[in-house]
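Below is one structure; the comments refer to it alone.
Each value in this text was obtained by applying a stated rule to the coordinates, not by laboratory testing. Predicted model, so just to flag it, every value in this text is computed and none were measured. Positions of Cβ are generated from backbone atoms using ideal geometry, with glycine treated the same way; all protein chains shown enter the neighbour counts.
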């Protein structure tokens, strides 16, 4: 009997050329990142060349460009992601050991931008190859570098608030759980490390994969699991799941195939569907995770003769519910970005909102401030209805970035105030001495 799932007949749909982004600048595809990321307004691709340029382009302008870039770092852009609450802010980690935040014009780039970034974060001693934003706290970022450290940043003050030095080897992936209380990483030492980045308290540290190639972590918070893709000693690709109540031994382990490309996992927590896209593969497979003895049920795959160099999925709020589009993959090839829509075949979808396949999704609003998170609070994401008649998209432009004074700036200001006070006290002392002298005469 086939697995009874609302998503069992999901299929991938590739648009015609006029719906794609063609003749893009030559992408830079090296490192642990996805090379192409997207939010509901823009997609971005790192470009080969000096200065770490990143091409940022709106979804609305399909065709053959023109394409413009933003850049300011000395090294190549190794990983980058859009701010989860402010669509026109882009975080980037760089080969020059720094991380930066760029501000993109609300309507998109109309020329190449360079010069100083909005925020510059310096502190790593070797190339900074991974970064991520906190999923619920505003303006919190983590970065990982080849100096074997992971840094937690308050972007508002451009300050590093904590540094984790417990890694034996550099990281392969860096992912927050649903409420951001824990940060998970897979490492070159073949283990999975999970800790609270505010206190550096390691919650879990257990063996991951036996192979030496890259592994990628994902969270399954609704079941209390964590998963990862990687390789065994025979260089075969594997998928594993661990129950965090007893994390030592995986509750699911499957050898998938002999392919050599890295599998990039994306877990849709709203539908419990796991999407796996391999760098260098022409396919994207999808399976549903269920909390039963079998745990993983294969749903299908999208296949194409042209392989993807990288790619990522849009946030759920950016999908077209009238087409019953449950996910959209921005597939990066050698010269194009192709939006692949994953859809449930329903004839009434254009007229009637399909509530059963579109549960509430992340609203793109922060649950708490950076200070609240750093003081120890944890909050789940704010959600919204995907029903076009109910959604208001209040998150669009609702959150503004306010850059605060850095610790160094506050210290300098404090020193200036102390100097001013000393000068005033000196002047007051001189006046008082003069008056005393008059009285004596």
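Structural remarks
- Cα pair distances in the stretch 134-176, grouped into 5 Å bins until the bin that holds the longest one, percent each: 5, 22, 30, 22, 15, 5, 0
- A straight line joining the Cα centroids of the stretch 267-304 and the stretch 217-248 runs 14 Å.
- Ratio of Rg to Rh over the stretch 264-326 (Cα coordinates, Kirkwood Rh, two decimals): 0.99
- What separates the Cα centres of the stretch 46-78 and the stretch 96-156 is a distance of 15 Å.
- Neighbour counting of Cβ atoms within 10 Å sorts the residues 172, 401, fewest neighbours leading, into 401, 172.
- Choice from 184, 280, 224 with maximal GNM fluctuation in the chain (Cα, 10 Å cutoff): 224
- All-pairs Cα distance distribution in the stretch 193-342, expressed in whole percent, bin size 10 Å: 10, 37, 36, 15, 2
- √(5λ) per eigenvalue of the Cα gyration tensor, the chain, largest first, Å: 44, 26, 22
- Sorting 373, 7 from the fewest to the most surrounding beta carbons within 10 angstrom yields 7, 373.
- Under Stokes-Einstein, with the Kirkwood radius over Cα pairs as Rh, the value for the stretch 334-387 at 10 °C and 1.306 mPa s is 107 µm²/s.
- Highest-first packing order for the peptide set 8-14, 191-197 is 191-197, 8-14, based on the mean count of other beta carbon atoms within 10 Å.
- The stretch 1-157: proportion of alpha-carbon pairs further apart than 18 angstrom, %: 60
- On the principal axes of its alpha-carbon atoms, the stretch 268-413 has extents of 61, 39, 38 Å, going from largest to smallest.
- The chain: relative contact order as a whole-number percent, Cα under 8 Å and 6+ apart: 14
- Where Rh is the Kirkwood radius over Cα pairs, Rg/Rh for the stretch 224-304: 0.95
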